[in-house]
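Here is the structure we will look at.
The values are calculated or read from the model by the stated rules, or taken from the named source; none is laboratory data. Fair warning: this is a prediction, and the values are worked out from it, not measured in the lab. Ideal geometry is used to build each Cβ from the backbone, glycine not excepted, and the neighbour counts take in all protein chains shown. To get the accessible areas, we keep the full protein, side chains included, count just its heavy atoms, and leave off ligands, DNA and RNA. Shrake-Rupley method; radii C 1.70, N 1.55, O 1.52, S 1.80 Å.
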Amino acid sequence: MDNWDEVRTAYQVARMGTVSGAAEVLGVHHATVIRHIDSIEARLGVKLFQRHARGYTPTEAGEDLLRVAQATEDQFNQLVGRMKGRGDDVAGELVVTSLSSLAPLVVPVLSEFQKLHPSVIVRYLTGDRLFRLEYGEAHVAIRAGAAPDQPDNVVQPFWTQQMGLYASEDYVARHGIPSGIEDFANHHFVGNDDENNRAPFSLWLRENVPEEAITFRCSNNFTMRQAVLAGAGIGFMERWEAARNPDLQEVIDSMPEWSGKLWLVTHVDLHRTTKVQAFLTFLKTRVKEWVV
């Protein structure tokens, strides 16, 4: 193909469905769009669109072009995302993602790193969605669970998040402390509402606590912590978080099988950049202060 502008124009017409919509996206006159479509159809010897009163609908050949052009645009955006992280300066955007429950630990680290490197603009993205490093959506990801196995990622063990089983002083005053696991049936527990949740502590709770004793159920760890603090029942909490709440009492000794591993994940194309390496080094130093 000699004229990629025509391919780009046809892609936008297929995506937007109208000549005017494609012209607005491309920033050209609608006559230019029509000329490009006529030219590429003549060059290929096939109709890419069916014209009608409401706009343009791709033919089978047009759908083929749309798929190829979409894949090409995705690859280009992926390349741009990776190129943004290159450079020799610790400056520009630093995009870090983790579970929102880690924010009390990660935010102070990001703030201190920014103080050391004032030219850095921090973007801290949290949530359940898996941000795609290969598309340049983040420079560094802190992920929980099994070791990530996406291709082209550099994965490093980071930290083991230790969990404990706690009750508030209010709960203890009303119900006391279980004498042992065999006494759990006589108490109230806070648990995850998702029966398919694979977190180690959630699995243990479902295996060792009668279902009817899990009387307060939540959709995420944050609300579970709030329920425990409010005295709704006995529940799991990160040990670093519990240490910040003197109102909590540990119900039984922490067990190794409750712990969950955290991983540092970077894309291979950005892993060795100055900015990413500077942050990883700083983060690994600060994580030593997280251990309870």
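Looking only at the stretch 143-160, filter to residues that are in a strand (DSSP E or B) and among the polar types (S, T, N, Q); which one of those is most open to solvent (accessible area, probe 1.4 Å)? So that I can check it myself, show each step before the final result.
Step one: of the stretch 143-160, the residues in a strand (DSSP E or B) are 143-144, 153-160.
Then drop every residue that is not among the polar types (S, T, N, Q), which leaves 153, 156, 160.
Details: N153: 29, Q156: 40, T160: 58 Å².
The residue in question is T160.
A single entry from R272, R239 fulfils the requirement of being on the phi < 0 side of the Ramachandran plot, open to solvent by 60 Å² or more (accessible area, probe 1.4 Å) and of a type outside the set (S, T, Y): R272.
Among the residues making up the stretch 161-180, those that are among the hydroxyl-bearing types (S, T, Y) and either modelled with pLDDT of 95 or more or surrounded by 15 or more Cβ atoms within 10 Å (Cβ to Cβ) (or both) are Y166, S168, Y171.
Filtered by the rule that a residue be in contact (Cβ under 8 Å) with a residue 24 or more places away in the chain and either closer than 28 Å to S219 by Cβ or touching a Ser or Thr at 6+ places or on another chain (Cβ under 7 Å) (or both), the stretch 109-121 gives a lone residue, V109. Here are some conditions: (1) farther than 30 Å from Y135 by Cβ; (2) out of contact with any Gly (no Cβ under 9 Å at 6 or more places or on another chain). R54 meets all but one. Which one does it not meet? Only one criterion in (1) farther than 30 Å from Y135 by Cβ; (2) out of contact with any Gly (no Cβ under 9 Å at 6 or more places or on another chain) is unmet by R54, namely (2).
Mind checking whether some residue in the stretch 124-132 is among the aromatic types (F, W, Y) and part of a loop (DSSP other than H, G, I, E, B)?
Filtering the stretch 124-132 down to residues among the aromatic types (F, W, Y) leaves 124, 131.
If we keep only those that are part of a loop (DSSP other than H, G, I, E, B) too, we end up with 131.
For the stretch 124-132, residues among the aromatic types (F, W, Y) and part of a loop (DSSP other than H, G, I, E, B): present.
For H188, the conditions (1) open to solvent by 20 Å² or more (accessible area, probe 1.4 Å); (2) within 16 Å of S98 (Cα to Cα) are fulfilled apart from (2).
Looking across the stretch 31-52, the residues that are surrounded by 15 or more Cβ atoms within 10 Å (Cβ to Cβ) and over 16 Å from T18 (Cβ atoms) come down to S39, I40, E41. Residues that are out of contact with any His (no Cβ under 8 Å at 6 or more places or on another chain), touching a residue at least 60 places away in the same chain (Cβ under 8 Å), within 24 Å of H175 (Cα to Cα) and among the aromatic types (F, W, Y): does the stretch 193-216 have at least one? Among the residues of the stretch 193-216, not one is out of contact with any His (no Cβ under 8 Å at 6 or more places or on another chain), touching a residue at least 60 places away in the same chain (Cβ under 8 Å), within 24 Å of H175 (Cα to Cα) and among the aromatic types (F, W, Y), which makes the answer no.
Listed by first and then second residue, the pairs linking a residue in the stretch 169-186 that is more than 20 Å from A242 (Cβ to Cβ) to a residue that is open to solvent by 20 Å² or more (accessible area, probe 1.4 Å), with Cβ atoms under 6 Å apart and 6 or more places separating them unless they lie on different chains, are A185/P210.
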